[in-house]
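The next block holds one structure in the form of structure tokens; read it before the comments.
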2 protein chains.
Amino acid sequence: MSDPFSFHLLKTDSVARRGEIVTPHGRVQTPAFMPVGTQATVKGLLPEAVAATGAEIVLGNTYHLMLRPGAERIAALGGLHAFMHWPLPILTDSGGFQVMSLSALRRLEEHGVTFRSHLDGAVVELTPERAIEIQALLGADISMQLDECLKLPANREEIARAMQLSLRWAERSRRAFEDVRAGRALFGIVQGGDDFTLRAESAKALTDIGFDGYAIGGLAVGEPQDVMLKIVAETAPMLPADRPRYLMGVGTPDDLLQAVARGIDMFDCVLPTRNGRHGMAFTRYGAINLGNARHANDKRPLDEQSAHPAARTYSRAYLHHLTKANEMLGAVLLSTINLAYYQALMTGMREAIAAGRFADFQAATKEGWERGDPATL
Amino acid sequence: MSDPFSFHLLKTDSVARRGEIVTPHGRVQTPAFMPVGTQATVKGLLPEAVAATGAEIVLGNTYHLMLRPGAERIAALGGLHAFMHWPLPILTDSGGFQVMSLSALRRLEEHGVTFRSHLDGAVVELTPERAIEIQALLGADISMQLDECLKLPANREEIARAMQLSLRWAERSRRAFEDVRAGRALFGIVQGGDDFTLRAESAKALTDIGFDGYAIGGLAVGEPQDVMLKIVAETAPMLPADRPRYLMGVGTPDDLLQAVARGIDMFDCVLPTRNGRHGMAFTRYGAINLGNARHANDKRPLDEQSAHPAARTYSRAYLHHLTKANEMLGAVLLSTINLAYYQALMTGMREAIAAGRFADFQAATKEGWERGDPATL
């Protein structure tokens, strides 16, 4: 618990950025991908296995943790880092997104949101102040403001209303955060749907309030990729260059590549672990469905050139077998392999930006995906 | 693939035996516990994690592997060791036990058993010769003869009939094994239910045929522990002292302790992994149900004195949380912790026998279990 939060922009290559985030639990090289540890665990993986994929920070979900085992309980047990035995930085979301997607009977008001727990039906209230308090109890290195996140498409009035509410909550979050700062960081969240004017208004108002970093929220919620990338391209330049920019809940390897090209520094997504649990591998050759019968007799590993042993060691035939047999080890191995691929992709992007050849890296990476999986034996 | 199979009895302490099995894939210190890798994986665990618990040999299930992915396929992929990336010894069962417990429409005849696969309903025949062939295709270091295993209680006539059939199958298995020996071992299986005369007849006939090791089958199939231990105590001395003795499908930590005291060298059981998947830990203090609310705020690890980091690192509160949240990592950690405890128990027994103080070790171990889990904070 030494260094307070800071961000250092080390290099730019056109719009792409190479930076470093300093937190009380260590440094994070950006662009960075954060594996999702929803319920105080990246599903199926030992924390040292998560770190061995190259991850330097994980995300925890406030909504899940506040309901079970409870924020006060985790605080009494020494905080989320100690609880899940993850000594590196943690970012927590505010809980707002999952209240909207998982809970029943939610009622949104100026004061906050009241909902029924999806676990036991208990009535729970989440306000901007409580979201900050919970994240402080968890001991997050980076906290997020409570916001209202709509699904797209939505009409402009509704998007404007949610964005304005999120701004008022941003102010309240910022005030509440003063009491718990302790070297930690709070990020504001730009809302405004697919409307440039609303995004610009949100970005400007948040910058005026002043945050340690800025997220772009309300994307990857049903809109096509080109819409998402357009909003990212328009929004990122409106954010302070000396603060990290975090695109929430994104995405596929191609999303990451394209968003970094548009100035994003941080990502989180369940895709590598969720798809891994369903037999899909992300590789240099694109996505591979291990459930497909063509792998049944294939002795080759997924990627002999991978830096991670799991991708070099186990045959496609074995991964196919584990997937078909619904064996836990299949989920474990493919989650590991996918997280390692995501981290290798981020490492590749960081090195390319540092060397001023990001465009080349982007083209070569896409070429690999498009060439596709080399034919079976 | 250097040394052929052999067994060396190193020391006896009363009836308890300390020995060493040599196989083409390495040595196994006995008494030994074999984790069960049903479908070419010890559920949820990387092979190196299984080895890190202290396991020197695992068991593979012929029934499951012959149906999926198929013995011929595994052979074409380089054998079971390469397929599951487990370089140490493997024992495979004959498939008979699971045909009886898992498949539908089975028809038992002198020639063998015909059944419908529980996976796709395909009609499959398993004969003593085919069971040997499959195990050779898998590349097992130790193969088991096909036998007929009844549930207890059963009437004496039925037990006698099944035992006699198993003996005829033992002879056929032994003949078939001559073609595939290749430095490997074949074990015969003593049947005869809870009847001493039948067990004696089976043991004598098997010894006359001559096997590399002898299993006691048809126990842990519904009978009380004292019945099982009585049969073990009566049967073990009838088996050749210079061959390993394997008590199939057993058992609880107390079963292992008591069976070693009666001259058994090898065990396999799903208990440490299956119960681990359901929130139960085996410890020096006896079995602990992590789902119990009393662990919710308990910062202590399961066993600070464990040789395995998983038992020393994660709090009971965290294991409780993972169990309640049905998180895969809970199954992974508790399976690991349980296998490590089983192996520590075997190590303790081996050291005690070597030092001629097995009775003391047995008493001290039972005292620990009976003292129970120290009270929560």
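The values are calculated or read from the model by the stated rules, or taken from the named source; none is laboratory data. Source: prediction; values computed, not measured. Positions of Cβ are generated from backbone atoms using ideal geometry, with glycine treated the same way; all protein chains shown enter the neighbour counts.
What to note about this one:
- When residues in segment B:314-327 are screened for being crowded, with 17+ Cβ neighbours inside 10 Å and either more than 7 Å from chain A (Cβ to nearest Cβ) or within 25 Å of B:Gly348 (Cβ to Cβ) (or both), 5 of them pass.
- For segment B:10-32, the candidate set comprises residues that are of a type in the set (A, V, I, L, M, F, W, C) and within 14 Å of B:Asp212 (Cβ to Cβ); within that set, the residue that is surrounded by the fewest Cβ atoms within 10 Å (Cβ to Cβ) is B:Val22.
- Of residues in segment B:249-306 being surrounded by 18 or more Cβ atoms within 10 Å (Cβ to Cβ), out of contact with any Asp or Glu (no Cβ under 7 Å at 6 or more places or on another chain) and basic (Lys, Arg), the one farthest from the other protein chains (Cβ to nearest Cβ): B:Arg262
- Residue in segment A:356-369 that is within 22 Å of A:Ala55 (Cα to Cα), of a type in the set (Ser, Thr, Tyr) and within 12 Å of chain B (Cβ to nearest Cβ) present: no
- Entry remark, segment A:192-223: residues being over 18 Å from A:Asn155 (Cβ atoms) and either among the charged types (D, E, K, R) or at pLDDT below 95 (or both) number 4 in total.
- Residues satisfying the stated conditions in segment B:98-131, i.e. under 23 Å from the mean Cα position of the chain (by Cα) and either among the polar types (S, T, N, Q) or closer than 27 Å to A:His320 by Cβ (or both): B:Gln98, B:Val99, B:Ser101, B:Leu102, B:Ser103, B:His118, B:Leu126, B:Thr127, B:Arg130, B:Ala131
- Test: residue in segment A:40-54 that is without any contact (Cβ under 8 Å) to a residue 24 or more places away in the chain, within 14 Å of another protein chain (Cβ to nearest Cβ) and either part of a strand (DSSP E or B) or not hydrophobic (A, V, I, L, M, F, W, C) (or both): yes
- Meets criteria (in contact with an Asp or Glu (Cβ under 9 Å, 6 or more places away or on another chain), among the hydrophobic types (A, V, I, L, M, F, W, C) and closer than 15 Å to A:Tyr341 by Cα) for A:Ala317: no
- Among the conditions (1) closer than 20 Å to A:Thr127 by Cα; (2) free of Cβ contacts under 8 Å to residues at least 60 places away in the same chain, the only one that A:Ala185 does not satisfy is (2).
- The set of residues in segment B:243-262 being part of a loop (DSSP other than H, G, I, E, B), in contact (Cβ under 8 Å) with a residue 60 or more places away in the chain and touching a strand residue (DSSP E or B) at 6+ places or on another chain (Cβ under 6 Å) consists of B:Arg243, B:Pro244, B:Met248, B:Ala261.
- Single unsatisfied condition, A:Leu206 versus (1) under 18 Å from the mean Cα position of the chain (by Cα); (2) crowded, with 19+ Cβ neighbours inside 10 Å; (3) not β-branched (Val, Ile, Thr): (1)
- Checklist (1) facing chain B (nearest Cβ under 10 Å); (2) touching a helix residue (DSSP H, G or I) at 6+ places or on another chain (Cβ under 8 Å); (3) of a type outside the set (Ser, Thr, Tyr) applied to A:Leu10, failing item: (1)
- Tally, over segment A:334-377, of residues that are assigned to a helix (DSSP H, G or I) and free of Cβ contacts under 8 Å to residues at least 40 places away in the same chain: 7
- Within segment A:80-122, the residues that satisfy the criterion of being among the aliphatic types (A, V, I, L, M) and in a loop (DSSP other than H, G, I, E, B) are A:Met84, A:Leu88, A:Leu119, A:Ala122.
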